[in-house]
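Asker: Mind looking over this structure? Questions follow.
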């Protein structure tokens, strides 16, 4: 484009500059020249404006064309993405892995399946048409339903909308088995419609968790009344009794007619458990208590654990003693413990005497797995381990504020009494474990502790310098040790060099927990990730 079509020539600009240097207005020929130049300049301005407008339109079209090309490239790349070549059944398995990963095992914590913005399963159904089709045709990923009813609703959210989402969620699960978790912070009357909706699918419920924060027994009574005789598939039941169990309430009977119920978890006071809730106790195989566990005092019907003749696993968070020195009292019915294979015993603060009294009284002919939250090696514990040394093959220990020397001595004393131990796990006392398994073995007069050890799990408690001792301990058991599980909190303390040595020694048998959250980035991708329980 010619220069004069876009801007005044340089000489024209210079002429104007010269005129501006003169304080007097132009006269004569100068004035005529300016008057003749104005129309020409106006025409040039209009032409320039038109050119700019055309250029702007052209630029807009070019940008639109660029965006269209970019979008087309992105679409082609998505079409060629390997995930589109994954068969539906494989994609369905991937979805199932995601769904299984978010299932909450702890009965005190729940996600919210009724929040599409934060629930993984709902998000999977919103990514694309293909994913939505696969998600909606996979009822198993919708089978775990966690319902959280808050005391205060967010803006725009109503209980009616939440109930509609619950109905949709249950419909997408189709006819498959259901795991229902109800965490209610609202008043009982607001939860009734949700309980009714859940009850309408009661024949498919396999795992039911009732965790109200208020009016505990009202919630449990409502669910019991609406599902009486309608729980043919129920296997696991978790209930939160809170502290209201200390009062006397009518007995809840609806869950007693559940022919497959075998797993009970109680959160709250179990003092009046048998009076409050009627269950098929002779069917129970696993019983877990997350509060005071009042063992049977036969003279007092309000303070006892019911008799469970087929019980195989017993977990108590805290043992409460009711005059355990009285010979008339039995720690727990022997018929309840005859088939017991796993015992988890936690004393709590000041509960050691009760735990020792319990261990001193009971005999468990079939016990195989023992988990103790007490580290004082008393005569009662020593006697219990000695009596059951031929059957115990798994031992987990957790500390309760004892010194490292006490921990080490207790661990040495315990495992020395269990020659057939195969699985050993320690929480927060890993250093004591290494001390126990390495220091004494340096003395040739001492036999190797746990010679048949196959699985070892170490959590927190290690310090710098413990790694070499751990490596030596592993080398001493290279013929039998099959698996070591390290909690991710331990890995930074050990250091990469020690982890590399352990990896070489254990090959595929070195596993990590919580890798994605805690493992150093230098180790990500170099190890097998799997949680061993």
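Asker: For 190, 395, what ranking results if the residue with the fewest other Cβ atoms within 10 Å of its Cβ goes first?
Answerer: On the way: 190 16, 395 22.
Going from least to most buried by this count: 190, 395.
Asker: Determine, for each peptide in 68-78, 136-146, the mean count of other beta carbons within 10 angstrom over its residues, then list the peptides with the highest first. Walk me through the numbers before you get to the answer.
Answerer: Values: 68-78: 10.0, 136-146: 19.8.
Answer by packing, highest mean first, reads 136-146, 68-78.
Asker: While we're here: Order of 194, 424, 159 from fewest to most other C-beta atoms within 10 Å? Present the calculation step by step, with values, prior to reporting the outcome.
Answerer: Values: 194 19, 424 25, 159 15.
In order of increasing Cβ crowding within 10 Å: 159, 194, 424.
Asker: Using R₀ = 22 Å, calculate the FRET efficiency as 1/(1 + (r/R₀)^6) where r is the Cβ-Cβ separation of residue 391 and residue 483; round to 0.05. Could the numbers behind the result be given before it?
Answerer: Details: r = 22 Å, r/R0 = 0.99.
Rounded to the nearest 0.05, the efficiency is 0.50.
Asker: Sort 213, 398, 63 by Cβ crowding within 10 Å, fewest neighbours at the top. Provide the component values of the computation, followed by the final result.
Answerer: Numbers: 213 14, 398 17, 63 10.
Ordered by Cβ neighbours within 10 Å, fewest first: 63, 213, 398.
All of the numbers you see were taken from the coordinates with simple rules; none came from a lab. Nothing here was measured: the structure is a model prediction, and the numbers come from that model. Heads up, the Cβs are rebuilt from the backbone with ideal geometry, glycines too, and the neighbour counts pull from every protein chain shown.
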